[in-house]
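This report concerns only the one structure given below.
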Amino acid sequence: METRKPLGYWSSQWSYRQAINEDRSDLEDTELTVEKLQGRVKRLTEDMLLLRATLMAVVDVLHAKAPFDEAELAEATATALAALRAGHAAATAVCDKCKQTVAMASATVTLDGVFCTSCAG
Ligand SMILES: [Zn+2]
């Protein structure tokens, strides 16, 4: 959303009315976006919970079937996490506005697309 200069006292009522209506429209758009994001965060949170529960169940079942060393699991998890983080750090994205290729870690992901720092700001 662009920043508007405040209206001076010399502005006509029409200017005020137009600015207020535009602001209301921007606010409604922002509220819709926030609602969508809240819905998405809620779904992702549920997905994460299900994923954690599934993983805990897999570890429990595996432990019951063939006991294994917890330290070995922790080490394998740390190795997998490091590999995923390295992959994420190396990942790139193309800005939907200026088409510049940027590091995914610095890109801003919105419902309208992926944007570089310059275009997102
Ligand atoms: Zn851009």
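Every number in this text was worked out from the coordinates using simple rules, so none of it is lab data. Worth saying up front: this structure is predicted, and the values here are computed from it rather than measured.
Assorted remarks:
- Debye intensity ratio in log₁₀ form over the Cα atoms of the chain, taken at each q of 0.12, 0.21 Å⁻¹: -0.77, -1.20
- Value of [θ]222 nm, deg cm²/dmol, for the chain, DSSP H segments ≥ 4, -39500 (n - 2.57) each, nearest 500: -23000 deg cm²/dmol
- Per the Kirkwood formula applied to alpha carbons, segment 58-121 shows a radius of gyration over Rh ratio, Rg over Rh, of 1.31.
- Sorted from greatest to least, the principal axis extents spanned by the alpha carbons of segment 13-68 come out as 77, 12, 6 Å.
- Remark: relative contact order (the chain) = 13 percent; criterion is Cα-Cα distance under 8 angstrom and separation of 6 or more residues.
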